[in-house]
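The values are calculated or read from the model by the stated rules, or taken from the named source; none is laboratory data. Keep in mind that what you see is a predicted model, and the values were worked out from it rather than measured. Positions of Cβ are backbone-derived with ideal geometry, glycine not excepted, and every protein chain shown enters the neighbour counts. Each accessible area value is taken on the protein alone, full model and side chains, heavy atoms only, with ligands, DNA and RNA left out. Shrake-Rupley method; radii C 1.70, N 1.55, O 1.52, S 1.80 Å.
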Amino acid sequence: MEPPPADLPEAQRRAVTFPDRPLVVLGAAGTGKTRVLAERFRWLVDGGLRPEKIALVAASEGRADALREWLERGLAGGYDELVVATPVEVATVLLAAGTGGDTPRQSTLSASERFALLMERIDELPLERHDFAGSARALLIGFLRRIDRLKAHLITADDYARWAASLDERGEPGQAALEREFSEVYRAHERILAEAGVRDTGDLVSDALRLLGERGAVTRRFDHVLVDDGHELDLAGRRLATELSPQRITVAADPVLGGFSLEGAERISLQRSLRCPEPVLQAASAMLDVPAAPAEHPGTVSFWRCAGDRAQAQSVAADVERVLTRDGVEPGQVAVLVPSLAREGQAVAVALEERAVPHHLVGAAAFFQRAEIRDLLAWLRLLADASDAPAAVRVLARPPIELRSVDIARCIQIARRRKLDMIAALAAATEAPQVPPEARERIRVLLKLYRAGMAAFDTTRPDLYVHRLIDRLGLRRHQLFAAQADVVQRLRALARFGELAAAYARRSPQATPRQFARFIASVAESGAREQDEPEPPAAQAVQVMALDSSAPVAAEHVYVLGLHAALALPTPEPIPAGLRSGAQTRTAAGEGDLDLRRVLYLAFTRAATRLVVAYPDVGERGAALRPCPPVESARITLGEEWEDKPEELFGPAEMLHSTYRLLRDEVLQDTMRVGGRLGELRLDTDLDVSHAIVRYLELLKLAALIQRPEGQSLAEALRDVNARILQAVTAEQREILSSSALDDYLLDAERDVRRRAQVVRARDEPSLELFLPKRGDGVLLSASDIDTYRTCPLKYKFARVFRIPQEPTIHQRFGILVHQVLERFHAREGGAGTLPALLGLLDAGWRRAGFADTEEERQLRGKAVAALERYWERFRTEVSEPVWFERSFTFKLGPHLLRGRVDRVDRLPGGEYELIDYKTGRPKNSEQLADDVQLSLYAVAAREAWSLDSSTQAYYYVLDDRKVAVPLDQGDRSQWIREVTLEVAAGILSQGFEPTPSYAACSVCDYRLMCPAAEH
Ligand code: SF4
């Protein structure tokens, strides 16, 4: 038998060669536990065990894949099949063996698929007591999370129902009834799954445990079990792993994160880190006591205090770029860990994109944020519903159609004016004189694809259909020529979409592509966490991932961001104390107390050489932030200072390099796009070719500038290079070159990176001038227009320039109805009426507005009645006197025209006036209203349009019966709002529609499907 490798320290060697008995190997992060398991596997095989008789249980699929690859490389002889798998996969193997080869995984649904299933049958869920709070989606996702967590702790629906029935009403009021209702939801979930002939992953593990109990001899197919990161397994996973082979088992676990208790097992402790150098280990030890000596190689830890989220993202991107280009580090050796992928992750992705650094956003819902997946979704949605305008806009804007913005706007205008669905409008556009011939040609291509798609939409099998659709749209072909580092992942994502369709077809053999389209759109909407794991360090992209899923990663350079004092990480659903078994109450990773220190310990110990810890010192709304206390104590322990990081501007050299890389990617993509058109007889093919050539020449120009002689200024070099290039081009190319904004950008000392992206990406997009809401030389604006533009200029473009039709949500309809009821109530002759009259108006309006009788609608109705009763009471007793309701205003500000309507104006006892706006959403506090636009603008409007000075302005949150005044302490608000208005109007007139993605804006944006900034 071959001895373990000589470089293994003594404790590790002992663990590898330990006799065939239960063993727990305890070691902190980075002490080589996984390597011990791999070497032990090899040692057991050398000792005569068949590889397929050893099961290696890992905590995640990604880690199982990496381990399998590693083991396969080291195995010289043949074997049947290696079982290196998560508990769920091991359960699948056991069940397949126990049921004679059926693969139970095919009938197992992910959380988002279950969400879609439940959403379809939401009326069957007992939901009288649970508050929808504005989102049925959030409520269902919460239920699924809770159910999954209960199953991970082997708590069934019946267990929960028994426990809920035993609760008395002495606790929190209503809590017992709420728990009982949830237990019914849990039961309904189980029933709906059973009726659909499917199960979830929790069922797989408990079914396998049952099988092991009943037919142990049949299913006990493993002679030895190895468990990696045992501390991460939940109760069900632990039990399964232990029962596979109770007498021959080796578990590796981290004692800092709870270890692993295994009756009668020997313990070996690994006491030296092989990964983390001293400073990194010191920082980790400031989080939790780490019982390990540091690795011998050097390392550093830096602490960054950044001037806001954007500065933080930019500083990281700039530093990563330097590390990759200057130090030659592989992108896969860099990991960026963020509290929230949607918030900080998105900001970092944008900053890395700006520098053309290959990166990969790993984790939550990333699959449905992929451009190619969104393309497919948009097509399926459009095929399922011809009036789905957001889907149509995406389909029009993306390959293979790529209609220019101005022509998209024309098509939407046709749809709106003639009241047509998008497909009928596009058919009309092919005859419309205002649509230029080349755009009509592109629209005809779309219509041809659409008709071909419709031909089989109600007859073919969904998986076959998706396969053909991908081919027809050229999505795979397009990826092959793309320059992004994650081409393989994109192709894999397309394959996975096909697998989702195949699994759906297997489950519902009679289902059509139309049904699949609805199903998958709902799955995408769920936003539930998707399985998308970090990759091994060889990956050719920097990985940006959530802090709490960093465990599988180890990298040379690790950046941990967003560590301010207000940081709150998602916490797992709590298991009620009455449902916990003794073993479950002990602390262990993956159980209830996933606290900040544990997460940070894990995050810090990912770093093999360099750790950067950062926080923004101002929040989104301008509030000052402090570092979170554990980080501050780590800094003090290490005796380091905070390094201040302002917003980074590109230096001249890095600007040239980054622009070169960005342009290089564009050129490669253009090659594919334009190449595809050469075979078609398009009217604008020549122009496309010239644009592609010019783009290449610009790339050449950048290469020449990068290599200009030392000492030569950029301006001088640019003049020389331009002169040479211009000698070699046609007249058409010369014209395009001279209209390019690239030179100006390169020479502009104040250059800003967003402008660079605009410069690089801008093709010959004609002006949208015709579609701007202009009045004379100015713009027509409302308070909500200003707000939308300030939130995100691209959102403004979608909403107010394209004017993409949107179906109002149930909550928007509800808000409109409450406004109308109050307006009608106050408009009655002789003043406001009685409470029955007010409620009568609600009754009539409710029917007219077409509300149905779902649980959510019943709840809204109940809230409206309660709110109106309170409103009426408040109204009766208020000392102020309402003088106007729904009063309109129009006034000019410079050349711009401002319009709007104030819900209510009250005269206060002192004779002053108060402007009031009704809201049906969640109340904001004064701090959140600090930069409020709407009421500040109304105050100016009251003065300008009605010559009325108002002393206060307030929002009245109708459902909560709360009035919140806009703070008056902001200096001259009226001057401020004028400046804001003029700035927004100027932005619109200059067609500045660059997106400004942020969590707050994008998470509630109706245009996510078509927005390039919200995808990867
Ligand atoms: S998704 Fe975000 S970036 Fe895109 S338009 Fe909406 S708000 Fe702007």
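Right, residue 50: in contact with a Leu (Cβ under 8 Å, 6 or more places away or on another chain) and open to solvent by 10 Å² or more (accessible area, probe 1.4 Å) or not? Full working, then the answer.
Numbers: in contact with a Leu (Cβ under 8 Å, 6 or more places away or on another chain): no; open to solvent by 10 Å² or more (accessible area, probe 1.4 Å): yes.
So residue 50 fails the test.
Consider region 754-791 and keep the residues that are small (Gly, Ala, Ser) and more than 22 Å from residue 413 (Cα to Cα). The one that is modelled with the highest pLDDT is 783.
Yes or no, residue by residue, for (1) over 20 Å from residue 54 (Cα atoms); (2) among the aliphatic types (A, V, I, L, M):
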| site | (1), (2) |
| --- | --- |
| 238 | no, no |
| 244 | no, yes |
| 250 | no, no |
| 258 | yes, no |
| 262 | no, yes |
| 265 | no, yes |
| 272 | yes, no |
| 276 | yes, no |
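Does residue 966 fit the bill of being farther than 30 Å from residue 377 by Cβ, crowded, with 17+ Cβ neighbours inside 10 Å and away from the ligand (no atom under 16 Å from the Cβ)? So residue 966 passes the test.
Taking the numbered list (1) within 26 Å of residue 402 (Cα to Cα); (2) in a loop (DSSP other than H, G, I, E, B); (3) modelled with pLDDT of 85 or more in turn, residue 459 passes all entries but (1).
Of all the residues in region 12-36, those that are farther than 15 Å from residue 47 by Cα, touching a residue at least 24 places away in the same chain (Cβ under 8 Å) and over 43 Å from the mean Cα position of the chain (by Cα) number 1.
With the structure loaded, tell me whether residue 314 is surrounded by fewer than 20 Cβ atoms within 10 Å (Cβ to Cβ) and assigned to a helix (DSSP H, G or I) or whether it fails that test. Can you show your working first?
Values: surrounded by fewer than 20 Cβ atoms within 10 Å (Cβ to Cβ): no; assigned to a helix (DSSP H, G or I): yes.
Judged against the criteria, residue 314 is not a match.
Just wondering, is there one or more residues in region 102-112 that are free of Cβ contacts under 8 Å to residues at least 12 places away in the same chain and open to solvent by less than 30 Å² (accessible area, probe 1.4 Å)?
First pass over region 102-112, keeping only residues free of Cβ contacts under 8 Å to residues at least 12 places away in the same chain: 102-103.
Narrowing the set further to residues that are open to solvent by less than 30 Å² (accessible area, probe 1.4 Å) leaves none.
No: zero hits.
When 292, 208 are checked against the criterion of being surrounded by 23 or more Cβ atoms within 10 Å (Cβ to Cβ), at pLDDT below 95 and closer than 29 Å to residue 145 by Cβ, 208 stands alone in meeting it.
Is region 417-440 home to any residue that is closer than 23 Å to residue 807 by Cβ, part of a helix (DSSP H, G or I) and either aromatic (Phe, Trp, Tyr) or modelled with pLDDT under 95 (or both)?
Here is the first cut: in region 417-440, the residues closer than 23 Å to residue 807 by Cβ are 417-429.
Filter once more, so that each one left must be part of a helix (DSSP H, G or I): 417, 422-429.
Subset that is either aromatic (Phe, Trp, Tyr) or modelled with pLDDT under 95 (or both): 417.
So far as region 417-440 goes, yes, one or more of its residues are closer than 23 Å to residue 807 by Cβ, part of a helix (DSSP H, G or I) and either aromatic (Phe, Trp, Tyr) or modelled with pLDDT under 95 (or both).
Scanning region 971-1016 for residues that are within 16 Å of the ligand (Cβ to nearest atom), open to solvent by less than 50 Å² (accessible area, probe 1.4 Å) and either assigned to a helix (DSSP H, G or I) or under 29 Å from residue 942 (Cα atoms) (or both) turns up 984, 987, 988, 1001, 1002, 1009, 1010, 1013, 1014.
Only one of the numbered conditions (1) among the charged types (D, E, K, R); (2) over 25 Å from residue 601 (Cβ atoms); (3) part of a helix (DSSP H, G or I) is violated by residue 238, and that is (2). Pairs linking a residue in region 426-447 that is more than 18 Å from residue 687 (Cα to Cα) to a residue that is among the aliphatic types (A, V, I, L, M) and in a loop (DSSP other than H, G, I, E, B), with Cβ atoms under 6 Å and 6 or more positions apart or on different chains, are 429/435; 446/401. Per this entry, residue 78 is not counted among residues that are free of Cβ contacts under 8 Å to residues at least 24 places away in the same chain, closer than 20 Å to residue 245 by Cα and either open to solvent by 30 Å² or more (accessible area, probe 1.4 Å) or within 38 Å of the chain's Cα centre (by Cα) (or both). Taking the conditions (1) aliphatic (A, V, I, L, M); (2) without any contact (Cβ under 8 Å) to a residue 24 or more places away in the chain; (3) under 28 Å from residue 226 (Cα atoms); (4) in a loop (DSSP other than H, G, I, E, B) in turn, residue 96 satisfies each one other than (4).
Determine which member of the set 89, 113 is at pLDDT 90 or above, in a helix (DSSP H, G or I), among the acidic types (Asp, Glu) and out of contact with any strand residue (DSSP E or B) (no Cβ under 6 Å at 6 or more places or on another chain).
Values: 113 fails: at pLDDT 90 or above.
Checking each option against the conditions leaves just 89.
Within region 982-998, residues that are under 26 Å from residue 313 (Cβ atoms) reach partners that are open to solvent by 60 Å² or more (accessible area, probe 1.4 Å) and within 9 Å of the ligand (Cβ to nearest atom) with beta carbons closer than 9 Å, at six or more positions or on different chains, in the pairs 995/1012. For residue 893, the criteria (1) modelled with pLDDT of 90 or more; (2) surrounded by fewer than 20 Cβ atoms within 10 Å (Cβ to Cβ); (3) under 26 Å from residue 816 (Cβ atoms) hold in every case but one, which is (3).
In region 789-832, which residues are open to solvent by less than 30 Å² (accessible area, probe 1.4 Å) and away from the ligand (no atom under 16 Å from the Cβ)? If the condition is that a residue be open to solvent by less than 30 Å² (accessible area, probe 1.4 Å) and away from the ligand (no atom under 16 Å from the Cβ), then 814, 815, 817, 818, 821, 822, 825, 826 are the ones that fit.
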